[in-house]
Amino acid sequence: MKFRTTIILLIIAAIGAAYIFLYDRKQYRTDEWVQRQQMVLPDYKVGQINKIELKKKKDTIILESADNVRWRMLQPLQLRADKAEVKDILSQFEFLRKVGTLNESETENFNLKDYGLDKPQIVVNLWMIKSSILKGTKEATGAESKYTINIGDRLAAGQNTVYINIEGSKDVLVVAANFLEKINKDINDLRNKWAFEFDEDAVERLRIQSGPKEPIVCSRADQHWWVTQPVSDRGDADRIKDILNELRNLKIAKADFVSDNEEDIVKHGLDKPRLTISIGSTGGDVQSLFLGHSLDDRVYAKRNDESSIFFVHDVVLSDLDLEANDLRDKLLLRFDSIGTYGIEKVELKYPDTTLTMVKTKQYDWMITSPSEILADSDTVREFVEKIKDLQIQQYVDDSGENFDKYGLGDSYVEVSVFRKIGEGETVKFMIGNSDADGGLCYVRKDGENAVYSVPAEKFYDVAASGFIAFRDKVVLEFPKENAQEIVISRDGETFVCKRNEEAPVLKWNLTSPVNMEADINSVNQVVWNLSFLTASKIIALSAEDLGMYGLYKPFMKVSVTYEKYGSAEGDDEAISEKGDLTRPKEMVTKTLLVGNRLEPENDKSGYYAKFADKDIIFQIGWPDVRDYNVELVTKTLFKLDSSKTKSLTIKHTEGESSFQKNSDNKWVMILPESKSLKGNFADRIISAINSLEAVSIVQYSNKDLSKFELDNPQCIVTVSSDDGEDSLLVGKEEGSNYFVMSKATNFVYLVHRKKIDDIIEESASSEIQ
């Protein structure tokens with residue numbers, strides 16, 4: 001029975017040994033397993049170690065990690081450890097290869113003292129988190145939970161190898177000595193070099209206290225930063241993130257560690273720090289940094305939870321010596337939109353009325369209150385963009401007790417922007433008065449006490465003007481092809497143009513002050529302008545004194561009569577379907593009155609204007625007035641067909657010359673003598689006359705010609721043809737022009753002097769054979 005029991009136990013032991021051998025080899029490929037047997041610690045892994053002890057002759061350093069991520073020094077000081085340095089030590093043992101082995105059984109007179117291992121210069125203890133380890137290369141145990149490595153002498157002076165021994169084994173191993181340099185670390189090597197360590201996404205609180213001043217506290221909630229002390233306001237997220245980034249990158253040079261002595265805290269001004277920065281993270285972790293006295297361009301600093309006193313650059317002090325307003329959000333409002341895209345409603349409430357604008361599919365933006373009219377989409381879009389980008393210039397008053405002082409009491413304008421109609425406001429704020437210079441205005445956000453100032457440009461006046469600023473700027477609109485008559489009164493003259501309905505193509509006739517065909521391009525210029533007349537700005541819905549705008553006696557009146565298809569008067573303030581041609585025609589006349597310039601000294605200033613039948617006063621641009629000043633008839637003086645001309649007579653101060661075509665269709669001189677001409681002299685004169693274009697028409701009659709010296713002209717050029725006779729009369733000079741008259745129209749024109757001089761000079765020289 002005894003023999004049988006022994007056999008069974010031997011079989012079980014063999015199976016166990018085989019299992020251990022095969023299981024161990026399964027952890028690695030065969031070649032890798034063979035290579036690892038050459039290592040000092042074949043089964044060692046960095047991730048298994050959570051505690052290190054470095055015992056030297058004079059001191060001992062103990063390092064420990066609770067989570068294998070953050071390491072702390074426990075001895076000789078309580079400090080955060082440098083994770084990279086710790087990992088560097090641990091990694092030395094993972095690939096520490098045996099150069100040679102001295103077995104006790106194979107070495108004569110074997111003694112650890114001979115290798116410096118009876119009193120090792122360094123003893124390294126590595127504690128494992130859990131699981132068994134191999135001791136040396138032969139013995140295995142599950143009882144031990146640490147490695148102990150004794151480091152002895154070098155083989156010989158100058159040799160790059162050193163003796164080591166693994167506790168539990170009597171063998172002496174020879175390894176490369178550079179490993180010794182990697183693990184022989186002092187306190188400054190192993191202490192953490194970062195002033196702060198935190199995950200920015202986990203930070204919930206930032207506190208900055210400058211000396212005895214009240215601390216500035218910023219807190220994060222719902223992914224937004226808020227200043228919560230000494231005022232309550234939204235925080236400047238970018239600025240706060242910049243501060244956190246600066247603190248996270250605040251690294252201490254090894255040479256900048258000054259002291260670990262408690263008595264030096266007072267010496268360096270850290271008992272009453274100039275600046276204290278605290279960072280609180282999720283889970284209640286709080287890290288604080290104290291800044292004390294300065295030395296040159298450095299400042300003494302210390303963490304609240306460590307004894308280390310060290311230097312940081314004084315730029316930290318200047319960057320973080322802040323006021324609460326420095327960390328408040330500079331953007332008044334925050335909401336997402338591209339222009340008005342994504343916004344469905346804008347509302348401005350005044351003490352006596354409410355302006356409501358909603359987005360519609362058909363008309364983009366519509367004013368629905370106080371009356372229904374199209375809104376000016378550009379103005380609405382620019383206003384929304386402006387309030388979205390309003391930058392706070394000053395934090396004026398946080399008390400909430402002086403609203404009246406800033407116009408934010410009972411007379412403010414309340415602005416609300418809605419992302420969805422039917423839902424609450426996306427943003428709401430109040431607008432008060434402007435400052436003394438008018439460059440800033442006061443605002444506050446709904447439900448908050450803080451009063452801010454923001455730029456007033458292109459914002460305050462628009463909000464204050466309300467309805468007249470936001471209503472549609474199109475003050476007249478009709479199909480231009482429906483225009484039937486235009487009447488322009490200016491400079492004491494009234495011009496009437498009527499559409500020629502009998503002409504096969506579109507023509508207009510000037511019926512006053514003369515009766516002749518109008519210049520189609522000039523008439524179209526006026527009609528097209530009026531058919532979609534857009535005001536630059538609405539000035540007032542009405543005015544008791546039109547004289548202040550120059551509209552009691554306007555310097556220009558422009559009327560248009562057009563066909564309209566059965567819609568009620570006041571269509572500029574009503575929305576209806578257009579183009580129902582089945583309705584009866586109605587002739588509508590609109591008369592535009594043009595008053596003073598807004599800037600009298602500026603030639604390109606806008607003008608005050610209104611329609612005769614409407615109260616609303618608006619501004620039109622100088623290009624509009626330029627269009628209404630256009631000459632309604634052609635400014636071309638002559639249209640001569642040179643092939644039909646028969647004679648040419650030129651009278652000037654030097655005499656009279658007369659030319660005519662002979663039977664061979666050649667030009668000959670008949671006065672002052674009968675001569676034949678060489679060249680194309682007469683044709684050049686006729687061509688020059690034909691090309692004359694007036695600068696302007698001075699008058700549409702031949703009255704009072706003496707004031708233009710056209711009663712006794714200095715030059716007369718007369719051309720006769722199959723179509724009749726016409727003459728050019730040249731009067732006196734006027735600046736860079738001449739007054740001239742055409743006998744065919746009896747109009748007085750201004751023509752560029754150079755063109756007339758060329759004709760006079762040409763007519764004074766004859767090419768006579």
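The numbers here are math on the coordinates, done by the rules we state, and not lab data. Bear in mind that the values here come from a model prediction, so they are computed numbers and not experimental data. All Cβ positions, even for glycine, are placed from backbone atoms using ideal geometry, and neighbour counts span all protein chains on display.
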Rounded to whole Hz and in sequence order, give me ³J(HN,Hα) for the stretch 159-166 from the Karplus expression 6.51 cos²θ - 1.76 cosθ + 1.60, θ = phi - 60°, writing x for Gly and Pro.
7, 9, 9, 9, 8, 9, 9, 9
What is the magnitude of the charge dipole of the chain about its Cα centre, with +1 placed on the Cβ of each Lys and Arg, -1 on the Cβ of each Asp and Glu, and no other charges, expressed in debye to the nearest 20?
3540 debye
Number of Lys-Lys pairs in the stretch 200-327 under 16 Å by Cα, sequence gap 8 or more or different chains?
5
Would you kindly state how much longer the chain becomes between Asp321 and Glu448 on full extension, computed as 0.36 nm times their sequence separation minus their alpha carbon distance, in nm to one decimal?
43.0 nm
Could you give the length gained by full extension between Asn68 and Trp622, i.e. 0.36 nm per residue of separation minus their alpha carbon distance, to one decimal place?
191.6 nm
Answer with one residue from Phe198, Ala66, Met669: the one whose Cα lies farthest towards the positive end of the charge dipole of the chain, charges on Cβ with Lys, Arg +1 and Asp, Glu -1.
Ala66
If the only charges are +1 at each Lys and Arg Cβ and -1 at each Asp and Glu Cβ, what is the size of the charge dipole of the stretch 642-764 around the Cα centre, to the nearest 20 debye?
180 debye
Helices from the chain with mean Kyte-Doolittle at least 0.5 and a Cα length along the axis of 15 Å or more, per DSSP H: which?
2-26
Only sites in a loop by DSSP and with at most 16 other Cβ atoms within 10 Å count here; which GluC sites (Glu not before Pro) in the stretch 374-459 make the cut?
Glu401, Glu423, Glu425, Glu448, Glu457
From the convex hull of the Cα coordinates of the stretch 642-764, what is the mean projected area in square nanometres?
7.5 nm²
Which residues' amide hydrogens lie under 5 Å from the amide hydrogen of Ser369, considering only partners 5 or more residues apart or on another chain, with H built in the peptide plane?
Thr356
For Ser105 and Val588, extending 7 Å from Cα along the Cα-Cβ vector and measuring point to point gives, in nm, a value of 11.8 nm
In percent, how large is the relative contact order of the stretch 200-327, given Cα pairs closer than 8 Å and 6 or more residues apart?
25 percent
Env charge @ Asp189, Cβ radius under 12 Å, K,R +1 / D,E -1, value 0
Once you have a ≥ b ≥ c as the square roots of the Cα gyration tensor eigenvalues for the stretch 200-327, tell me rounded if a/c is under 1.5, and otherwise prolate or oblate according to whether a/b is larger than b/c.
prolate
With θ set to phi - 60° and the Karplus curve 6.51 cos²θ - 1.76 cosθ + 1.60, what are the ³J(HN,Hα) couplings of the stretch 178-183 in order, to the nearest whole Hz, using x for Gly and Pro?
5, 4, 5, 5, 6, 9
How many nm separate the modelled label positions at Glu385 and Glu457, each set 7 Å beyond the Cα in the direction of the Cβ?
1.5 nm
What's the magnitude of the charge dipole for the stretch 313-426 around its Cα centre, counting Lys and Arg as +1 and Asp and Glu as -1 at the beta-carbon? Answer in Debye, nearest 20.
660 debye
Note on the chain: contact order normalised by length, alpha-carbon pairs under 8 Å, 6 or more apart, percent, works out to 5 percent
Summing +1 for each Lys or Arg and -1 for each Asp or Glu, what net charge is found among the other residues whose Cβ lies under 10 Å from the Cβ of Arg753?
-2
Taking the simple approach of a point 7 Å from Cα along Cα-to-Cβ for both Thr368 and Val474, what is their distance in nm?
2.2 nm
Taking the inverse of the average 1/r across all pairs of different Cα atoms in the chain, what Kirkwood radius in Å do you get?
37.8 Å
So how much slack lies between Asn515 and Asp722, counting 0.36 nm per residue of separation and subtracting their Cα-Cα distance, in nm?
72.2 nm
Alpha carbon centroid spacing (whole Å) that separates the stretch 238-302 from the stretch 426-504
58 Å
Expressed to two decimals, the stretch 345-470 has a Cα Rg over Rh, using the Kirkwood radius, of 0.97
Over the stretch 474-628, relative contact order from alpha-carbon pairs under 8 Å, at least 6 apart, %:
25 percent
Loop-only check: which trypsin sites (Lys or Arg not before Pro) in the stretch 661-769 are DSSP coil with at most 16 other Cβ within 10 angstrom?
Lys666, Lys678, Lys703, Lys743
Could you tell me the calculated FRET efficiency between His224 and Asp199, based on Cβ-Cβ distance and R0 = 22 angstrom, to the nearest 0.05?
0.75
What does the net charge come to around Ala81 if you take all other residues with beta carbon closer than 12 Å to its beta carbon, with K and R at +1 and D and E at -1?
+2
